[in-house]
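Okay, structure first, notes after.
The values are calculated or read from the model by the stated rules, or taken from the named source; none is laboratory data. Computed from a prediction, not measured in an experiment: that's the story for all the values here. Methodologically, a virtual Cβ is constructed for each residue, glycine included, from the backbone with ideal geometry; neighbour enumeration extends over all protein chains shown.
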Amino acid sequence: MAKVAVLMAEGFEESETITIVDILRRAGLVCHTFAFSEGFVLGMQKMRIKADRIFGEEIKDYDMLVIPGGRPGGDNLRTNPEVIRLVRYFNAQHKYLAAMCSGTLVLKEADVIQGKQMTGYTGYAEKLEGAIFKDDVVVVDDHLITSQGPATPYPFAFKLAEVLGKDVRELKERMLYNFAGGK
């Protein structure tokens with residue numbers, strides 16, 4: 001079964017992080033959150049959430065790495081050399097890299113976006129120089145999956161589950177996603 005690692009740094013965007021984990025677990029995937037220390041991580045909206053595990057080498061055994069955004073969560077991930085090394089490792093191993101909002105800047109910092117189609121937060125086209133920027137909610141280019149921001153974790157998480165082989169049609173119905181206008 002596919003395993004997904006979701007990173008949490010101080011200032012993470014709660015709506016992105018928790019929604020992604022929730023949907024992936026509902027889809028039947030193994031999904032763990034990883035933080036850089038024991039205890040609770042303070043999110044952007046001042047929610048304190050306890051990560052499942054501590055950041056370390058075990059993440060390399062996962063099939064997908066998810067990088068949510070947030071302020072200063074995205075910057076805290078982008079400026080962490082261990083995170084950049086991990087992103088480069090996933091890219092070199094052709095494992096799935098998924099990022100949204102300011103998490104997309106982590107991919108830029110790791111130098112893995114050149115010539116790749118992707119999206120990001122409003123106004124990020126210039127910040128993601130080297131990529132082919134699309135103004136779509138979710139963009140998939142080979143093993144790179146990106147999304148825009150706090151309102152887009154539902155379609156993003158459903159797409160992550162799909163690329164990992166899950167049929168999410170029934171899950172979308174159960175969660176009333178289709179009723180709410182999702183596709």
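Structural remarks
- Residue within segment 80-90 that is among the aliphatic types (A, V, I, L, M), surrounded by fewer than 20 Cβ atoms within 10 Å (Cβ to Cβ) and at pLDDT below 95 present: no
- Residue list for segment 58-90, filter: in contact with a strand residue (DSSP E or B) (Cβ under 6 Å, 6 or more places away or on another chain), free of Cβ contacts under 8 Å to residues at least 60 places away in the same chain and under 15 Å from VAL112 (Cβ atoms): PHE90
- The set of residues in segment 102-124 being of a type in the set (Gly, Ala, Ser), surrounded by 22 or more Cβ atoms within 10 Å (Cβ to Cβ) and farther than 15 Å from LEU65 by Cβ consists of SER102, GLY120.
- Output for segment 46-64, where each listed residue is outside any loop (DSSP other than H, G, I, E, B) and farther than 15 Å from PHE12 by Cα: ARG53, ILE54, GLU57, GLU58, ILE59, LYS60, ASP61, MET64
- Picking from residues in segment 1-21 that are assigned to a loop (DSSP other than H, G, I, E, B) and not charged (D, E, K, R), the one that is nearest to ASP52 (Cα to Cα) is MET8.
- Qualifying positions in segment 125-147 - in contact with a Phe, Trp or Tyr (Cβ under 6 Å, 6 or more places away or on another chain), part of a loop (DSSP other than H, G, I, E, B) and either surrounded by 20 or more Cβ atoms within 10 Å (Cβ to Cβ) or of a type in the set (A, V, I, L, M) (or both): ALA125
- Pairs with Cβ under 7 Å, 6+ apart, first in segment 157-183 and of a type in the set (Lys, Arg), second at pLDDT 90 or above: LYS159/VAL138; LYS159/VAL140; LYS159/ILE145; LYS166/ALA27; LYS166/GLY28; LYS166/LEU29; LYS172/PHE158
- From the options GLY181, GLY115, GLY74, residue that is modelled with pLDDT under 95, part of a loop (DSSP other than H, G, I, E, B) and more than 22 Å from GLY28 (Cβ to Cβ): GLY181
- Filtered residues of segment 22-42 (kept if assigned to a loop (DSSP other than H, G, I, E, B) and either closer than 18 Å to LYS159 by Cβ or hydroxyl-bearing (Ser, Thr, Tyr) (or both)): ALA27, GLY28, LEU29, SER37
- Only a single item in (1) more than 17 Å from the chain's Cα centre (by Cα); (2) in a loop (DSSP other than H, G, I, E, B) is not met by ALA151, and it is number (1).
- Members of segment 150-172 found to be surrounded by fewer than 23 Cβ atoms within 10 Å (Cβ to Cβ) and not hydrophobic (A, V, I, L, M, F, W, C), listed by number: PRO150, THR152, TYR154, PRO155, LYS159, GLU162, GLY165, LYS166, ASP167, ARG169, GLU170, LYS172
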